[in-house]
Amino acid sequence: MATPTLPVSEIIRTKNDASAPKKTSRDDYRLAKELEEARKAGTVPAEQDEHGRDINPHIPHYIAVAPWYLGSKGPTLTHQRAPQEKQKEYAKISDNYKRGVNANSVTTKFRKGACENCGAMTHKKKDCMERPRKLGAKYTGEAIAPDEFVQSNINHDFEGKRDRWNGYDASQYKEVVSEYEKIEDAKKLLKAEKILTEDTEEFGKDLEDVPAEKVLEAVKAADDDMNNEDKYADDMEMPGTKVDSKQRITVRNLRIREDTAKYLINLDLTSAYYDPKTRSMREDPLADKKVKNETQFSGENAIRYSGETNNIAKSQLFAWDAYEKGVDVHLQADPTKAELLKKQYEEKKTEFKQNIGKNILQKYGGEEYLEAPPKEMLLAQTETFIQYSRGGDVLKGLEKPVVRSRYEEDVYNQNHTTVWGSFWENGSWGYKCCHSFVKMSYCTGVAGILARRGKEVEKDEVGPGSPTEAPPARTEAPTPIENKFGKPADVSSTRAKRVSKGDSNSGLSRQKRKRSKSSSSSSSSSSDSAGSSSSSSSSEDEEGEEEKRKKKVAAALKAQEEQQKEAERLMNVDERRRPYNSLAAPKKITEEEMEAYQLRKVHADDPMAGFMNR
């Protein structure tokens, strides 16, 4: 019960008044509570406000009680409603917008400010919905269109905005219904004529000879068929449904009885769930079975991913990817554009792949191998050997084949007699025949070996293909040459390994050449002997300079090795204990140091570069 709250001034003024409301006792409070419960239960009429409107007894007390400053004398809900001056006025539900044109206003003369095309006053030329005339009504003054209705500003409330019958003209109902009734009558006549034709074919009569009773029965049957057209079994050809047009008997079956029910396919309780209300089984009941029959039931979810469903998913994925890359495309908003873009993308993608294959074949060749049939068809034989027993079991032959190298074997290029990788020295691979570390380089034979060792090649020792002239024989012993590591190279061992064609014949020819040279030298003049002595002295000076250069290179190699060892030692030392090298004077690099650096340099394409420091 909502008790009125009085302001403090009213309470003071009526303090000594006998008619003023007194403080409620415990019994009065209990009676008020019982009355409130009875109103909530509906046994007692609801409380009314000053306007005679019922107050809902379930409204909470803090909402029903008005504030004290309003000075309400009884129960009211005026404080919960908007003031009268602030309440919005809505149009009546019968008010509606007029449609069409105002046929009462007929104009035969063009008016100023009217549409230049049709002559109506309610719109301009750019808003005209009529076909553009060759000469507008402004210039001809003919066929001036009537004005549309000037719509008033109708402010509907919530129900008025959603009234589907607002503005409906009941006079149009008869025209629409009469048209459909004529169509229905024509359908009934055609149906009755069809039934009568079937009966006359059965009895061999013409339509004119059919009695009136038969015609009435046919019309009635046609009327029944037209009334029952909306039945499900008559329209749809369901499996197991038999429809006879003459007898009009329908036999309905919900399921073919020869088919196994879904819930009987797998009786395991942990299999797919079957919903008896919708008769659906979404998952596959035989998901654990490896081998399945094509006719077996695979779950109703399998239908969702069959047909064109995958194509739609691919189109959606393409639209998302294209939108992320800046293409304004949306599958639902503009499906035609998305489908055309996808089609163009697929065509360009296939064309790009084909062009890649064609370019590779044009650059490297090998198209004839793609067009050729397999080797088994060409040679009618294979290298695979399989041994069978008498019972047909395989004894051997199906073992895992040994993986062969992808490089060609025993192929010698650039006049080499050994393959690449047959020689290894100081972490580098090369050719054994010429000690060359450059792949696909031309073979220099023994001359390349001696040049690497630092010895000039004697023309009489190179073998076939050497020049006819040979240098004078050297009587002194060859000086040992130091290699990269500062160790003397064994030149005699390399000489012993040389193999030349026709050793015996070449030896005899060398002796003959030496005798002829000695005889010619004895018969030479004194001037020639003086010239030869000067040339021999110059050649000895050149040999001395070459020996000095090689010694410098060996010293530079040794110094670089020591520097490398010192650098490795300093890397293992704590960085706070390392010496400073910033004050060291810059030193110019000599040619010998540069040559030593090139000898020690590790190539990136060396297959053994990773095993150098192990």
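The values are calculated or read from the model by the stated rules, or taken from the named source; none is laboratory data. Computed from a predicted model, the values in this text were never measured in an experiment. Neighbour counts run over all protein chains shown; Cβ positions are idealised from the backbone, glycine included. With ligands, DNA and RNA removed, areas are computed over all heavy atoms of the protein, side chains included. Shrake-Rupley method; radii C 1.70, N 1.55, O 1.52, S 1.80 Å.
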Using a 1.4 Å probe on heavy atoms of the protein chains only, the accessible area for S389 in Å², nearest 10, reads 40
Ordering 316-329, 552-565 by per-residue average of other C-beta atoms within 10 angstrom, highest first, gives 552-565, 316-329
Classified through the alpha carbon gyration tensor (a ≥ b ≥ c as square roots of its eigenvalues; rounded if a/c is under 1.5, else prolate when a/b is larger than b/c, else oblate), segment 22-86 comes out oblate
Gyration tensor on Cα atoms of segment 111-201, a ≥ b ≥ c root eigenvalues, a/c under 1.5 rounded, else prolate if a/b beats b/c, else oblate, says oblate
So S105 and D328, fully extended at 0.36 nm per residue minus their Cα-Cα distance, gain in nm 75.3 nm
The FRET efficiency for Q87 and E50, from their Cβ-Cβ distance with R0 = 22 Å and rounded to 0.05, is 0.80
Note: segment 1-131, point scatterers on Cα, Debye, no solvent; log10 I/I(0) at q = 0.11, 0.22 Å⁻¹ equals -0.62, -1.33
For segment 138-151, Karplus-derived ³J(HN,Hα) couplings (6.51, -1.76, 1.60; θ = phi - 60°; whole Hz; x for glycine and proline) come out as 5, 9, 8, x, 10, 6, 6, 6, x, 6, 6, 5, 7, 7
Of the convex hull drawn through the C-alpha atoms of segment 99-162, the volume per residue in Å³ is 110
Expected unfolding gain across Y69-L570 under the 0.36 nm per residue rule, minus the alpha-carbon gap, is 170.9 nm
If each K or R counts +1 and each D or E counts -1, the residues other than S72 whose Cβ falls under 11 Å of its Cβ total -1
Contact order relative to length for segment 258-331, counting C-alpha pairs under 8 Å separated by 6 or more residues, stands in percent at 18
Taking a ≥ b ≥ c as the square roots of the eigenvalues of the Cα gyration tensor, with a/c under 1.5 meaning rounded and otherwise prolate when a/b exceeds b/c and oblate if not, segment 260-306 is oblate
Mean accessible area per residue over segment 22-86 (1.4 angstrom probe, all protein chains present, square angstrom) is 81
Rounded to the nearest 10 Å², the 1.4 Å probe accessible area of L264 is 100
Taking V438, V101 and ranking on accessible area (1.4 Å, protein atoms only), highest first, one gets V438, V101
Sorted list, accessible surface of protein heavy atoms, 1.4 Å probe, largest first, for H330, H435, H51 is H51, H330, H435
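Using a Förster distance of 45 angstrom, determine the FRET efficiency expected from the C-beta separation of E543 and Y364, and round it to 0.05.
That gives a FRET efficiency of 0.35.
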Links exceeding 19 Å between C-alpha atoms in this model, out of K314/K348; K174/K194; K188/K220, come to K174/K194
When every protein chain stays in place and a 1.4 Å probe is rolled, R111, R99, R577 sorted by accessible area with the largest first are R577, R99, R111
With 0.36 nm assigned to each residue of separation and the Cα-Cα distance removed, D127 to T270 gains 44.6 nm
Here FRET efficiency (C-beta to C-beta, D224 to D169, R₀ 51 Å, nearest 0.05) is 0.90
Rounded to the nearest 10 Å², the 1.4 Å probe accessible area of W424 is 120
